[in-house]
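Below is one structure, written out as structure tokens, with a few remarks after it.
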Amino acid sequence: MRYRNLGGTGIEVSVQCLGAMMFGAVGNADHDDSVRIIHAALDQGINFVDTADMYSTGESEEIVGKALLGRRDDVVLASKFHFALSEGPNHGGNSRRHIINAVEDSLRRLQTDWIDLYQVHRPDHTTDIEETLSALTDLVQQGKIRAFGCSSFPAEQIVEAHVVSERRGLHRFRTEQPPYSLLARGIETALLPTARRYNMGVLTWSPLASGFLSGKIRKGQPIDLSKGRAAITPFRFDPSIPSNEVKFDVLEQLVEVAEGIGCTLPELALAFVVAHPAVTSVIIGPRTMEQLEGALKGASLVLDDATLDRIDEIVPPGTNVYPPDGVWKPQSLVDVNQRRRPVADRSAA
């Protein structure tokens, strides 16, 4: 396993990062089996583990905490906050109040005194970015976290955050965690160049496009929408939905590319992501030992220029075959009042 510097922090992380989203009720509910998977990943050289407080409502962090007992010093541990784990005001978001409560809860579940990388899971339009950065800076100074980053932030908000950090003398975002895959290359246009400009580490999620690039989905073959990822989000896989047709067509072309170089489709997908110069680490999210072994098997695959050129022909750089799911949407699109003037002020004359 190779290692890369995490956004100029001096922290060396494995190019494959073990994502823990599938450990817990939403994936593998067997704690002992999940711990075995984590240990197997560490034994194979992965030293980077990413979780979040909202994964199975804290259960994922609890499993990771169990797995890292006795091995904590050898692991770069990342977690995230933002989403509310219970009902009521002030139980979510990016306010100082929520951050202070969330980090203490995560530290308790993870059974550790510090988190190496604490990430803002999504933007929060109700909280000034200075408020968030100030609280995170205090946590660094207190030793409860070593560095902090963001997840699914658009390029313009990353720039704003860096400007605020510089002007206010605050610590800055060291990393960004965006979705990136063979089918979702939109971040190549602005986000990845922005991350490079600010020397940020980039750890990408959903390299298999939520399972669409797992190799188990093929055009013209029956799909069981009652199992696995397809049961959770059937709209991503249902071939009867017109918007999915292009995904299936592109999928078949990518399968040909993989077969042409003697690898599997998942191996092609993972190798593609880590070939980008802005990407530090790709998050793999296995639910089973078999899935972990499959990801590790393709870790040494190197894509040559001819293969990358062919991929560019199938999915042009900077384009999305489908909009990545689960990404934050700006208020300029969500709030209709930000897109429409009052009726009396809508005419040109």
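If you average the sequence gap of Cα pairs under 8 Å that are 6 or more apart and divide by the length of the chain, what percent do you get for the contact order? The normalised contact order for the chain reaches 17 percent. Rolling a 1.4 angstrom probe over the protein heavy atoms with all chains in place gives the chain an accessible area of 47 Å² per residue. The accessible area of Tyr3, taken with all protein chains in place and a 1.4 Å probe, comes to roughly 100 Å². Dipole of the range 1-72 (Lys/Arg Cβ +1, Asp/Glu Cβ -1, origin at the Cα centre): which of Met54, Asn5, Ile38 lies farthest to the positive side? The one lying farthest along the dipole's positive direction is Asn5.
Residues His91, His31, His162, His125, ordered by accessible area of protein heavy atoms at a 1.4 angstrom probe radius and largest first, appear as His125, His91, His31, His162. Ranked from largest, the principal axis spans of the Cα set of the range 198-249 equal 44, 22, 18 Å.
Surface composition of the chain: carbon plus sulfur atoms contribute 49% of the solvent-accessible area (1.4 Å probe, protein chains only, all chains present). Overall shape of the range 1-81 was characterised from the C-alpha gyration tensor. The equivalent ellipsoid obtained from it has semi-axes of 21, 14, 10 Å, in decreasing order. When both the range 85-138 and the range 232-280 are represented by their alpha-carbon centers, they are found 34 Å apart.
For the range 110-222, relative contact order (Cα pairs under 8 Å, six or more residues apart, normalised by length) works out to 23 percent.
Of the DSSP H helices in the chain, those that are both long (alpha-carbon extent of 15 Å or more along the helix axis) and hydrophobic (Kyte-Doolittle mean at least -1.0) are 31-43, 96-110, 129-142, 155-168, 245-260. Mean projection of the Cα convex hull over all viewing directions, computed for the range 243-342: 9.1 nm². Per-residue ellipticity at 222 nm, computed for the chain from helices alone with -39500 (n - 2.57) per DSSP H run of at least four residues, works out to -11000 deg cm²/dmol. Length, then width, then depth: along the principal axes, the Cα atoms of the chain run 72, 53, 39 Å. Per the Debye calculation on the range 32-166 with a single equal scatterer at every Cα and no solvent contribution, log₁₀ I(q)/I(0) for q = 0.18, 0.19 Å⁻¹ amounts to -0.99, -1.07.
Dipole magnitude for the chain: computed about the Cα centre from +1 point charges on Lys and Arg Cβ and -1 point charges on Asp and Glu Cβ, it is near 620 debye. Cross-link candidates for Lys144: which lysines have Cα within less than 20 Å, leaving aside residues fewer than 8 places away along the same chain? Within the straight-line cut-off, Lys144 pairs with Lys66, Lys80.
The values are calculated or read from the model by the stated rules, or taken from the named source; none is laboratory data. As the structure is a computational prediction, the values presented were derived from the model and not from experiment. All Cβ positions, even for glycine, are placed from backbone atoms using ideal geometry, and neighbour counts span all protein chains on display. Note: accessible area is taken over every heavy atom of the protein model, side chains too, but ligands, DNA and RNA are not part of it. Shrake-Rupley method; radii C 1.70, N 1.55, O 1.52, S 1.80 Å.
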